[in-house]
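Before any comments, here is the structure.
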Amino acid sequence: MDIATTTGLCMLDGDRYVFARAFHWEGKYSGQVFRHFRKTLYKIVEDNRIEYGAAEEPLRTDIEIKGKPTEDKPEPESTRPPMKTFQRIYGLCAIAEEVFEAHKVPFKYVNQGTWRKAFTGNGRATKNDSLAYAQLIDKTITSLDAAESLGVAWWLRGHLDPRFASPRGDLFEPTLIPTRKETPF
């Protein structure tokens, strides 16, 4: 998963790619968004008998974003995202952990650079790079969030069974993900 107000979610079933989609959680206020996310994710995990879950690590609170240079400000100041952004993302992450725990499904966070290196071969790949690789697997993927969730799933497959790890980001045929009994987290 790539967790945010619009969350990318990918599902692999053994050697089969099932889907990569973007879900936009309904609601104007965080409580409404959280409730919709919890209900939807709970149903997805339950109905599809998900065995493992992974998500990109959430934003760090100490990040700074450099503004775009303009004529007036060729060296723009760095800013931080608003606190409500962190509250929303960390709330969604907590709910994801709770939902997977409720189903007794192992769940892990993965650093953005780690999954991108496994998926594209470059830990500093852009969102558009991830989309290009995702479209090699499913040309109908148009959402950056869905593409990134496929990258996380790709990493998870290799993490669960190193035989399927892709150290250079090579795209290979989807392979069987081991069951929880074969490879614990």
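For Asp13, the residues 5 or more places off, or on other chains, whose built amide H falls under 5 Å of its own are Val18. With contributions of -39500 (n - 2.57) from each DSSP H run of at least four residues, the per-residue ellipticity at 222 nm computed over the chain stands at -13500 deg cm²/dmol.
Label zone (Asp161, point 7 Å along Cα-to-C-beta; backbone nitrogen cut-off 11 Å) within segment 5-38: 14-16.
Helix 30-47 versus the longest principal axis of the chain: what angle, 0 to 90°, nearest 10, using Cα atoms? Orientation of helix 30-47: about 20 degrees from the principal axis. Taking label points 7 Å from Cα along the Cα-to-Cβ direction, Lys104 and Val18 give a separation of 1.9 nm.
First check a/c for segment 1-89, with a ≥ b ≥ c the square roots of the eigenvalues of its C-alpha gyration tensor; if it is under 1.5, answer rounded, and if not, answer prolate when a/b is larger than b/c or oblate otherwise. Here segment 1-89 falls in the prolate category. Beyond a 19 Å Cα-Cα separation, which of these cross-linked pairs lie in this structure: Lys43/Lys139; Lys68/Lys117; Lys39/Lys104; Lys66/Lys127? Violating the 19 Å limit, Cα to Cα: Lys43/Lys139; Lys68/Lys117.
Simple point charges give the picture: +1 on the Cβ of Lys and Arg, -1 on the Cβ of Asp and Glu, and for the chain a dipole about the Cα centre of about 240 debye. Mean-square fluctuations from a GNM of the chain, with a 10 angstrom spring cutoff on Cα atoms, peak among Pro82, Pro162, Pro58 at Pro82. Applying the Karplus relation 6.51 cos²θ - 1.76 cosθ + 1.60 with θ = phi - 60° to segment 78-85 yields 3J(HN,Hα) values of 7, 10, 10, x, x, 4, 5, 5 Hz, where x marks Gly and Pro.
Modelled spin-label separation between Ile63 and Lys139, with each label point placed 7 Å from Cα along the Cα-to-Cβ direction: 3.3 nm.
Per-atom-type breakdown for the chain gives carbon and sulfur 51% of the accessible area (1.4 Å probe, protein chains only).
Summing +1 for each Lys or Arg and -1 for each Asp or Glu among the other residues whose beta-carbon sits under 11 angstrom from that of Glu148 gives -2. Positive-end ranking of Ala132, Ser78, Ala20 along the dipole of segment 1-142, with charges on Cβ about the Cα centre, is headed by Ala20. Hey, of [x] 0.99; [y] 0.96; [z] 1.18, which did the structure itself give for Rg/Rh (Cα atoms, Kirkwood Rh) when calculated? The calculated read-out lines up with [x]. The loop-placed GluC sites (Glu not before Pro) in segment 56-131, going by DSSP, that have at most 15 neighbouring Cβ atoms within 10 Å of their Cβ come out as Glu64, Glu71, Glu77.
Here the label points at Arg35 and Thr70, each 7 Å from Cα along the C-beta direction, are separated by 4.0 nm in the simple model. Taken per residue, the accessible surface of the chain reaches 59 Å², heavy atoms only and a 1.4 Å probe.
The values are calculated or read from the model by the stated rules, or taken from the named source; none is laboratory data. Quick caveat: nothing in here was measured; it's all calculated off a predicted structure. Cβ sites come from the backbone with ideal geometry, for glycine too, and all protein chains shown count toward neighbours. The protein model used for the area step is the full one, side chains on, heavy atoms only, and it has no ligands, DNA or RNA in it. Shrake-Rupley method; radii C 1.70, N 1.55, O 1.52, S 1.80 Å.
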